[in-house]
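Q: Pasting a structure below so you can have a look.
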Amino acid sequence: MPRRVAILISGSGSNMVSLIKAMAGDPDITPVLVISNRASATGLDRAAELGVPTLTIDHANFANDRLAHEVAIQSALDEHRVDFICLAGFMRILSPGFIKKWPGKILNIHPSLLPKFKGLHTHERALAAGETYHGCSVHVVTASLDDGPILGQARCRIEPEDTPQSLAARVLPLEHKLYPAVLARFIRGDSSPVFLDG
Ligand code: GRF
């Protein structure tokens, strides 16, 4: 039976698209649901075009009740019999209680070479720190932000003329390569890290 994957997004969903396209060529993984926490996420249309069911579970409809929002997400995941969750530009921090229900089953992609630059504005921060290399990481989600075991990294050199925008534009295609490569190994039980040079 193929492993059933849900992808959680908040925005354009370009990583989601690369994951769905890669899964189309892999009989052992199938994308069963895309959930957005924002109705305006343009990725929802892209997922629907690719034939994957979508759901908006907008956190704004739950006032400040994070747990109620997560209960709604959990019941959608249960209903679709999801085995693994891929966070792909999902701009919500999941509570420890939610993560506990999915031990070692949630992956995230982060646009930095972790453990460097956890959190936001990673491209700006890598430039400000004078780094030679920058890139992205896929990791297992744990209760600590951007901190779980690293399953893969892809890196590129920072050039003197780089801006946060140019760097973001170089890192994103690396994300699109790295995430499907890691997921395909991970669902087969291989957690040894993948390293790509861009
Ligand atoms: C990516 O850079 C991802 O690493 C970060 O948010 C961005 C989402 O892009 N967490 P997209 O929605 O996949 O196009």
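Q: Could you tell me which numbered condition residue 138 fails, if it satisfies all but one of (1) within 15 Å of the ligand (Cβ to nearest atom); (2) crowded, with 18+ Cβ neighbours inside 10 Å; (3) over 28 Å from residue 104 (Cβ atoms)?
A: The single condition residue 138 does not satisfy is (3).
Q: Working only within region 1-57, note down all residues that are charged (D, E, K, R) and part of a strand (DSSP E or B).
A: Residues of region 1-57 charged (D, E, K, R): 3-4, 21, 26, 28, 38, 45-46, 49.
Within region 1-57, 3, 4 meet the criteria.
Q: Need the failing condition index for residue 148 against (1) in contact (Cβ under 8 Å) with a residue 24 or more places away in the chain; (2) part of a loop (DSSP other than H, G, I, E, B); (3) more than 14 Å from the chain's Cα centre (by Cα); (4) closer than 23 Å to residue 104 by Cβ, just the number.
A: Going through (1) in contact (Cβ under 8 Å) with a residue 24 or more places away in the chain; (2) part of a loop (DSSP other than H, G, I, E, B); (3) more than 14 Å from the chain's Cα centre (by Cα); (4) closer than 23 Å to residue 104 by Cβ one by one, residue 148 breaks only (3).
Q: Let me ask something additional. If residue 59 satisfies all but one of (1) over 20 Å from residue 172 (Cα atoms); (2) surrounded by 19 or more Cβ atoms within 10 Å (Cβ to Cβ); (3) in contact with a Leu (Cβ under 9 Å, 6 or more places away or on another chain); (4) not aliphatic (A, V, I, L, M), what's the number of the condition it fails?
A: Going through (1) over 20 Å from residue 172 (Cα atoms); (2) surrounded by 19 or more Cβ atoms within 10 Å (Cβ to Cβ); (3) in contact with a Leu (Cβ under 9 Å, 6 or more places away or on another chain); (4) not aliphatic (A, V, I, L, M) one by one, residue 59 breaks only (3).
Q: Let me ask something else about it. Among the residues of region 154-169, write down those that are within 12 Å of the ligand (Cβ to nearest atom) and either buried (at least 18 other Cβ atoms within 10 Å of the Cβ) or within 16 Å of residue 19 (Cα to Cα) (or both).
A: Across region 154-169, the qualifying residues are 154, 167.
Q: Going by what's in this entry, would residue 126 be described as part of a helix (DSSP H, G or I), open to solvent by less than 20 Å² (accessible area, probe 1.4 Å) and within 16 Å of the ligand (Cβ to nearest atom)?
A: Working: part of a helix (DSSP H, G or I): yes; open to solvent by less than 20 Å² (accessible area, probe 1.4 Å): yes; within 16 Å of the ligand (Cβ to nearest atom): yes.
Yes, satisfied.
Q: Residue by residue through region 62-86, note down the ones that are acidic (Asp, Glu) and open to solvent by 20 Å² or more (accessible area, probe 1.4 Å). I'd like the intermediate steps shown before the answer.
A: Step one: of region 62-86, the residues acidic (Asp, Glu) are 65, 70, 78-79, 83.
Result: 65, 78, 79, 83.
Q: Of (1) hydrophobic (A, V, I, L, M, F, W, C); (2) out of contact with any helix residue (DSSP H, G or I) (no Cβ under 9 Å at 6 or more places or on another chain); (3) open to solvent by less than 60 Å² (accessible area, probe 1.4 Å), residue 102 satisfies all except one. Which?
A: Every listed condition holds for residue 102 apart from (2).
The values are calculated or read from the model by the stated rules, or taken from the named source; none is laboratory data. If you're wondering where the values come from, they're calculated on a predicted model, not measured in any experiment. Positions of Cβ are backbone-derived with ideal geometry, glycine not excepted, and every protein chain shown enters the neighbour counts. Heads up: the accessible areas ignore ligands, DNA and RNA and are worked out on the full protein's heavy atoms, side chains in. Shrake-Rupley method; radii C 1.70, N 1.55, O 1.52, S 1.80 Å.
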